[in-house]
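Following: one structure in structure tokens, then a few remarks.
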Amino acid sequence: MWDWAIWGALILAGLAGIAALALVFARARQAYRDVRDTRRDVVRRLDDLAREGEETAEKVAAAGETAELQQSLARLRVSLARLADLRTALDEAQVTFGWVTVFVPRR
């Protein structure tokens, strides 16, 4: 007597489960793309910053030999060394967690 209600509820539950899995897949795919794009943007910006810092250091070194200028140049070189350390850490993190990308589908 209640067979149609039970079958209807099972079908509805199955469709809801499929829709939930599709939503989870879509959100995970978008999250992966966002992380990938953010990583590329960070690496690009760090490269630009390092290049500009090195250019500035070369220009400052060529500009003259004052005590204040030498102090600024020393601070700039320390900042560039920190940037190099951060880039190394980022590269290590990419190597360490790169295995996660194996499970993510490619285009």
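Let me know the whole percent of all Cα-Cα pairs from region 3-103 that are separated by more than 21 Å. Could you put the intermediate results ahead of the total?
Details: 3073 of 5050 pairs.
When every Cα pair of region 3-103 is considered, 61 percent fall beyond 21 Å.
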Unit charges on C-beta of K, R, D, E only; dipole of the chain, Debye: 420
Farthest toward positive dipole pole in the chain [+1 Lys/Arg, -1 Asp/Glu at C-beta], among TRP4, GLY98, LEU69: TRP4
C-alpha long axis of helix 3-63 to longest principal axis of the chain, angle in °: 10
Degrees, to the nearest 10: 67-97 long Cα axis against longest axis of the chain: 30
In nm, spacing of pseudo-spin labels at GLU55 and LEU83 (7 Å Cα→C-beta vector): 1.1
Chymotrypsin sites (Phe, Trp or Tyr not before Pro) within region 1-98, DSSP loop, no more than 16 other Cβ atoms inside 10 Å: TRP2
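Where a number appears in this text, it was derived from the coordinates with a stated rule and is not lab data. Remember, predicted model here, so these are calculated numbers, not experimental data. Because the Cβ atoms are built from the backbone with ideal geometry, glycine has one as well, and the counts that use them run over all protein chains shown.
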